[in-house]
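Quick notes on the structure that follows.
The values are calculated or read from the model by the stated rules, or taken from the named source; none is laboratory data. What you are looking at is a predicted structure, and each value in this text was computed from that prediction instead of being measured. Counting neighbours? That spans all protein chains shown, and the Cβs are built from the backbone with ideal geometry, glycine included.
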Amino acid sequence: MRKFATVLTLTAIGILTACQPTEQNSTTSVSEKAVEQVQTSSAIQSESERLNHWFADKYEEQLQMSPMMLTFLGRKDQYDKIDDMSEAEEQRQLAWQAAAAKELKASFDYQKLNDESKTSYDLWLYQYQEAVDNDKFTEYGYVFTQMQGIQSFAAQFLMSFHKVDEESDMVAYNTRIIGVAKAISVLLERAKKRAENGIRPPKFAYQGVIEQASALINGVPFTTSDEETDSALWADANKKVASLLKDKKIDQKKADELLATSKKALLEHFLPSYQALVAWFEADIVNTQDNASGVGGLPNGKAYYNARLKASTTTDLSAEEIHQTGLNEVARITQEMEAIKDRVGFEGSLKEFFTFIKTDKQFFFANDDSGRQGYITETEEYLAQITEQLPNFFGILPKSALVVKRVESYREQDGAAQHYFAGTPDGSRPGVYYAHLSDMSTMPKNEMEGVAYHEGSPGHHMQISIAQELTSVPQFRTQANFTAYAEGWGLYAELLAKEMGGYQNDFSDFGRLVNEIWRAVRLVVDSGLHAKGWTEQEAIAYFKEKAPVSSEAIQSEIRRYLVIPGQATAYKIGMLKIISLRALAEKELAEKFDIKGFHDTILSGGAMPLGLLERRVNTWITKVKST
């Protein structure tokens, strides 16, 4: 088809040339120029197509290095394997990236690429450089914490992502149980090595790891009391085998054999690895400090924190600049809060209003199962209402479904942040918005609407689903993850939802501001902890002063910042960039500005660093101006 298109184009040029004035020199000049333009366009198309084929091959090579990523994508390649978590494998993959980057530069002419392919080229090299920068501080990151680490995610991965449709899938599941055990052992050795060098997460992180790991080896088959309930993985294994039996994929004899293998893997591999993990953390916890501090106090800690800020925000903003931006945003949002307080007729200070919405029963569901279901049901209703408005603000819409769920009991934490897990690109597994509902006093009604829009639509679910479903860019871009882009969009989506008809009462709109000032406070607190020597208690005090958030949620947040330095700054920095790009587009395009076009421009290229996003928007502005 491409060859025919070129022939037709040249034929059209011939017809146009025949219609030109008869002056020989003029006709020749126009014809030569047109042919040159076609040749240039053809060369750009050819080089871009060649590059996209290269990306497809290279990304497939990269995917094969991560069996777990293949599973996330809904594929069953290497379905019986868990990723190699060793330092040697990390170095091997970094060397592979280096070779791929070198090959990319040597094999393609950047100037012959179209705009989209130039973005792909730049993004591939950006990801490689990011890996190089991260490698400089690879020994600084905490291996296991209460927020991250395979100790809790391993079970969730097997339960939620490893689908069992055939007998062979269950065989793979059982083999993966053994793989998880090996990964835990490998990562424990890495944690021990870092501890020897003085790199330990705070005491509360140790306590969280011990609690989460212990929960997974509690219950049958790890304990045999008749009063014990099934452990999470044993219950899941039984559920999966029962489904195969029900669908007549296996008979009872095979079901018994599969479960016997599951039990053997759990008892002989999973249990010992988790016992060793718990034992070491219980023994080493004496070496941790009660008063947690940021990474700035570590040797070369300042450089490490700056590297984490760059990785999280994809900018060169300094800790001081981020801190000041946070202070400015907190002041601005506080003024908006004051206005709503006055509008609802509350007589008293803003601090007193904070107390009112944090304690008055009208703002909370009952702390029981009916209240928990109420939270889920109302969240679903908010999302359904906003979904009806999506076609008015977006040209590209996601195909993947979204469900709202309570976090599994073995990893649920009072006051912990809600979060989203993406579905598969083909829609076979929906996206999931998870909420921690163990303590409903930490889940105020007036904030739930904004959080639903952030995690669901038009936030993470929409952005990630659209990215995964893209066919116009190389696959590696559909899976790219940049926190400033993704979380910036999520926070922008909270504000956008107001334009879309959300927040129909002042209290819900105040809840939106609570969520926003929460993210602004993060800029101040994260940089305070890691660059200014703030203590955990100082950070908690500042948070309590500026935002009406429960004490449990604040403590959970501060402890999150302490173990994942820099990450929390990405939300507000990303949001501010998207808002500024929209303002620029509205100013430059005036009556030509189209909100659907702007949003599609932001979302149709997948996640990317903010600098590349700005270039993308500027290119769109130029194209719209020329039409």
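Can you find, within the stretch 52-74, the residue that is surrounded by the fewest Cβ atoms within 10 Å (Cβ to Cβ) among those that are assigned to a loop (DSSP other than H, G, I, E, B) and in contact with a Ser or Thr (Cβ under 9 Å, 6 or more places away or on another chain)?
Checked the stretch 52-74; the qualifying residue surrounded by the fewest Cβ atoms within 10 Å (Cβ to Cβ) is GLY74.
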> Taking the stretch 530-574, which residues are closer than 20 Å to PRO444 by Cα and either touching a strand residue (DSSP E or B) at 6+ places or on another chain (Cβ under 7 Å) or not in a helix (DSSP H, G or I) (or both)?
Replying inline: ALA547, PRO548, VAL549, SER550
>> Could you check the stretch 132-152 and list, in sequence order, the residues that are buried (at least 16 other Cβ atoms within 10 Å of the Cβ) and over 20 Å from TYR410 (Cβ atoms)?
In response: ASN134, PHE137, TYR140, GLY141, TYR142
> Hey, any hits in the stretch 282-297 for a residue that's over 30 Å from ILE578 (Cβ atoms), crowded, with 18+ Cβ neighbours inside 10 Å and hydrophobic (A, V, I, L, M, F, W, C)?
Replying inline: yes
>> Can you find, within the stretch 539-557, the residue that is surrounded by the fewest Cβ atoms within 10 Å (Cβ to Cβ) among those that are modelled with pLDDT of 95 or more and within 22 Å of LEU298 (Cβ to Cβ)?
In response: ILE540
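Checking the condition under 27 Å from THR619 (Cβ atoms) and more than 19 Å from the chain's Cα centre (by Cα), which residue from THR119, THR138 passes? Working first, answer last.
On the way: THR138 fails: under 27 Å from THR619 (Cβ atoms).
Step by step, each of THR119, THR138 is checked, and only THR119 is under 27 Å from THR619 (Cβ atoms) and more than 19 Å from the chain's Cα centre (by Cα).
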> In the stretch 338-361, which residues are out of contact with any Lys or Arg (no Cβ under 8 Å at 6 or more places or on another chain), under 30 Å from ARG406 (Cα atoms) and touching a residue at least 12 places away in the same chain (Cβ under 8 Å)?
Replying inline: PHE354, THR355, ILE357, LYS358
